[in-house]
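Step one of this worksheet: look at the structure below.
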Amino acid sequence: MATATAPPPASTATRVKWLPLLLAIVIGLALFFMPAQHGLTRAGQTALAITAFTIVLWAFGVMNNGVASVLMMALLIPAGAKPALVFSGFASGSWWILLAVLYYGFAMQKTGLAARVSYYILSMFPASYSGILGAFFVIGTALSLGIPSMTVRTAIMVPIAWALVKSLDLKPRSKGSALIMLTTIEMAVVPGLGLLYGSLDGPVVASVFDLKHLPLSYLAYARVLYLPVFVLCALIVFGNQWVLKPERALAASPEFVRNKLRELGSFKRDEMITAFIVVCSIVFWSTDRWHHLPSFFVGMVGLSIFALAGIVGNADIAGGISWTLLLFMGGIFSLNNVLTEYKLTDWLAGYFVPIMQHLTFNAVIALVAVGIATLALRFLDPSGFIAIVVTFVPLVDTTSAAGIPPMILTAALLIPSVPFWATYQNIWVAMGEGITEGLAFSGAERLRLATTYAVFALLTVAASVGYWKLIGAL
């Protein structure tokens, strides 16, 4: 007879929760009371202390991430930040598109559309881990041609992958589940980096090129970045399977897929409405260069149609999506504006620019150093957009003088720009956790594949130097 395991002593449970909180407080106070720094205002130093305090809360999961974001915003107000700035993230288009597409994912799961698409994917590709991951690589690449929003691509692909995981009877947080879900998120994000309008980084890149009066074209961007990004995606697809080897091989057969499709029957009304809204939204997002309407417009209309059709009911408004995620992301978007307002990233850039001046004697060393700096800055800049600006603008003159063109510097910044060691660094991983209710993968599994991505990204930057020299770009 097995004996029941005794619960951990109260002191142990408390230590696990309160030690990281104490660490957060100590780090925050240390930054608040440190001597005045050149180039950093007193208000900026206070904002830095609050940011560091909050980052520790997020990183260690001391409390609900949404509540931690609320606490951060509350602390910024007595620190001198205007409420309009503190809450600006909730007024941003990014927050509203996130709200809308989360309901898209909910509708795809509730109506069974995501499961149906998953079985069709299984029928077209080998029912193996390599086949499934390869399929999502193809899907992510195709969607990046017309949908620049990584958030939208994630919201479309993750529900499909999650339905697929459940249809294969993979246990929650198993290696097989984690492998499929984390790789799917990566394939929703990384392929778009290879095209100027394949991700929301594109407009940021265009703005810094314009700021420095540098020419930039769609084809020149693709010539430098598309092949390296393609290689990085291939490394991720095959490398992830080696690093996170599933417990067992998949035992799915074509008959399994056909049976599942027969069980679903013909297309139902709610599925057809959901599919119509998703397809119309993709067309809308793909044609934004012509209609110039914000991306969240169609999402808000789509949500209204879901409500009118009864797909999203009154109870679903509260429980259909993760409001913890929405509070967390609203705080993230607000933090970006606070960091810009107080010029914190400008102050940080002053520390690594002098270092870079000593590394430009070798292109590989210099560009890998830029990649490492990007990975480090993403601990402070969850969006990645500010990291691009504060790294590119001060470094481009130095690297150009050393024979490293601006487009090559941009590649070194973007290829390693989406790490996910901590959930707050990567909003798409946070979305994946929200959509799957935290059942898809564990923190340890995420850390292993996050490290794999970082290593592959830096290796890709180093290896691409030869390619860039071959095509005459470097």
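Numerical summary
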{"read-out": "Estimated FRET transfer efficiency (Ala74, Gln37; beta-carbon r; R0 30 Å; 0.05)", "value": "0.75"}
{"read-out": "Farthest positive-ward along the chain dipole, Cα basis, beta-carbon charges - from Leu57, His38, Thr111", "value": "Thr111"}
{"read-out": "Reference-scaled alpha-carbon Rg (2.2 N^0.38 Å with N residues) for the stretch 51-191", "value": "1.28"}
{"read-out": "Pairwise centroid distance, computed over Cα atoms, of the stretch 219-282 with the stretch 23-45, Å", "value": "46"}
{"read-out": "Whole-number accessible area per residue in Å² for the chain, which is evaluated in the context of all protein chains at 1.4 Å", "value": "43"}
{"read-out": "Label zone at Ala473, where the point sits 7 Å out along the Cα-to-Cβ direction: the stretch 189-222 residues whose backbone N lies under 11 Å", "value": "194-196, 219-222"}
{"read-out": "Assigned charges on the beta-carbon of Lys, Arg, Asp, Glu; the chain dipole about Cα centre (debye)", "value": "600"}
{"read-out": "The stretch 126-165 versus the stretch 54-111: alpha-carbon centroid distance in Å", "value": "25"}
{"read-out": "Proximal charge balance of Arg116 [Cβ under 12 Å; K/R count +1, D/E count -1]", "value": "0"}
{"read-out": "Selected from Ala79, Tyr424, Leu29, residue furthest toward positive end of dipole (the chain; charges at beta carbon)", "value": "Tyr424"}
{"read-out": "Peptides 271-280, 308-317 ordered by average Cβ neighbours within 10 Å, highest first", "value": "271-280, 308-317"}
{"read-out": "Rg and Dmax [Cα atoms of the stretch 196-317; Å; Rg one decimal, Dmax integer]", "value": "21.5, 59"}
{"read-out": "Rounded, prolate or oblate (a/c below 1.5 giving rounded, otherwise prolate when a/b exceeds b/c) for the stretch 100-178 by Cα gyration tensor", "value": "oblate"}
{"read-out": "Lysines whose Cα lies under 30 Å from that of Lys268, excluding same-chain neighbours fewer than 8 positions away", "value": "Lys110, Lys166, Lys171, Lys260"}
{"read-out": "Protein accessible area in the chain, 1.4 Å probe - carbon and sulfur %", "value": "70"}
{"read-out": "Radius 15 Å from Cβ of Pro246, net charge of other residues (Lys, Arg +1; Asp, Glu -1)", "value": "+3"}
{"read-out": "The stretch 309-435 shape via C-alpha gyration tensor axes, a/c threshold 1.5", "value": "prolate"}
{"read-out": "Options Asn240, Val338, Gly310, ranked by Cα towards positive dipole end of the stretch 237-339, top entry (Cβ charges)", "value": "Asn240"}
{"read-out": "Alpha carbon convex hull of the chain, volume per residue in cubic angstrom", "value": "176"}
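The values are calculated or read from the model by the stated rules, or taken from the named source; none is laboratory data. Bear in mind that the values here come from a model prediction, so they are computed numbers and not experimental data. Note: ideal-geometry Cβ built from the backbone for every residue, glycine included; neighbour counts use all protein chains shown. What goes into the accessible areas is simple: the full protein's heavy atoms, side chains included, and nothing from ligands, DNA or RNA. Shrake-Rupley method; radii C 1.70, N 1.55, O 1.52, S 1.80 Å.
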